[in-house]
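The values are calculated or read from the model by the stated rules, or taken from the named source; none is laboratory data. The structure displayed is predicted, hence computed values, not measured ones. Here Cβ is always computed from backbone atoms with ideal geometry, including for glycine, and neighbour counts include all displayed protein chains. Accessible surface areas use protein heavy atoms only, side chains included; no ligands, DNA or RNA. Shrake-Rupley method; radii C 1.70, N 1.55, O 1.52, S 1.80 Å.
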Amino acid sequence: MHGFAYRNGSLHCEDVDLQSLAESHGTPLYVYSAGTIRDHYRRLDQALEGVDHEVAYAVKANSNLSVLRLLADEGAGFDIVSGGELFRVIEAGGEPARCTFAGVGKTRREIEYALEQGIYSFNVESEAELRYLDQVAGELGVTAPAAVRVNPNVDARTHKYISTGKSENKFGVDFEQIADLYARAAKDLPNVRLRGIQMHIGSQLTSIQPFIEAVEKVAPLAARLRDEHGIEFWSIGGGIGIIYQDCLRSGTIDWWDEKSEQDRPLTLDEYGRELVPRLRDLGLRILLEPGRCIAGNAGVLLTTCLYEKKGSAKTFKIVDAGMNDLIRPALYEGYHEIVPLREPGAERLKVDVVGPICESGDFFCQDHELPDFQPGEAVALMSSGAYGFVMASNYNTRPMPAEVLVDGDKASVIRKRQTLEDLVAAER
Ligand code: LLP
């Protein structure tokens, strides 16, 4: 469910008409629904009710300060992957003591900063990193809280660029090596306190099966580490997939009612229903690191059609957003439903929607049947709330788009559009 729907013929985010936002703030423009973010956070939190748990939002998905503040107010913890993300969490009023720090390449400066701020745990991805963490903590005269990321060698059945839980991926430590590593660390690394275990098998998982497989495989290991080393938590990572196809209609109850049990995409309820019984008797605190399922369907990218070009092979709709604003189609062949802001009729035309960037990969769809829209009209690229703005760049010296957060009938600019002066300021 999400907060986007046609009302009186025009697409709204909650109670705000998106056309009016496009007109007053210009395009490209990211718009997020605060109600949807809150709703998804609460649903996931409730789905895990049967077990001691913490939802640590994966900041990388959407790290705007206002989004982080909203989640901090809901009571979320945070999963971070850089010193920069920790800085953002602190700026937004989040607690470092509820942050876990993931990533294969933490630098000395980042480790020191996170130790000074007192984060909950470093989620360590190699023995070398664990040894380095011990060294830096020793030099600072502190103990570093840590968990090792286990690579369970489970196929997440997702795009190869966002699959992380197979042995050939760079992430984590092989399942078979974990017990020995904990034993060695307990003996040799006095400045590290191993307080948990972590895993994350991939992103945009649309079936519960890989999650079940990974949890069932790692549960005995987690129990053993609890008994032998007194670990307190198990972070089972993020990865819950969202709806990209038919996103707009999935915001309605009817859409869900029409789906049979088997056709329904993975829901947060199902995730909790299947996993809680497999986790609850371990006596461990369960951490979750969701990013996409909190923010993904809560955001859209608005873009205006500039030109139409009819070639001999194709019709191109050229819009004012490019791959620099939303890179998912170019990088992962990601699909984002494209809908006009003015409610269209039934007619569909086969088109490519492309941006202004000088690259053939700069497209939002190819040969898709879309409702027609004309130059001057704006459309929404749905499901763009996660891995949208955060992956945007200044490629082709294009200013970063503005971001707006809608809450009920209120719309606030939560990031100003970059100016041309901003673009060159650091080079003067
Ligand atoms: N925890 C760890 C250790 C991760 O690496 C990630 C995502 C998450 C949690 C959050 O996963 P989520 O719940 O959002 O699936 N840019 C790509 C996705 C990259 C995901 C990277 N890691 C995309 O646009 O599809």
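Tabulated data for the structure shown
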read-out: Pairs with Cβ under 6 Å, 6+ apart, first in the stretch 229-249 and modelled with pLDDT of 95 or more, second among the polar types (S, T, N, Q) and part of a helix (DSSP H, G or I); value: ILE242/ASN297; ILE243/SER250
read-out: Residue in the stretch 81-89 that is assigned to a helix (DSSP H, G or I), within 14 Å of the ligand (Cβ to nearest atom) and touching a residue at least 12 places away in the same chain (Cβ under 8 Å) present; value: yes
read-out: Given (1) away from the ligand (no atom under 16 Å from the Cβ); (2) in contact (Cβ under 8 Å) with a residue 12 or more places away in the chain, index of the condition LYS187 fails; value: (2)
read-out: Pick from the stretch 156-168, criterion of a type outside the set (S, T, N, Q) and more than 17 Å from ALA219 (Cα to Cα), ranking: farthest from the ligand (Cβ to nearest atom); value: GLU168
read-out: Check on GLU258, of a type in the set (Asp, Glu), over 30 Å from GLY141 (Cα atoms) and open to solvent by 40 Å² or more (accessible area, probe 1.4 Å); value: yes
read-out: Every residue from the stretch 293-310 that is open to solvent by 40 Å² or more (accessible area, probe 1.4 Å) and not hydroxyl-bearing (Ser, Thr, Tyr); value: LEU306, GLU308, LYS309, LYS310
read-out: Matching residues in the stretch 167-196 - criterion: being within 20 Å of the chain's Cα centre (by Cα) and not aromatic (Phe, Trp, Tyr); value: ASN169, LYS170, GLY172
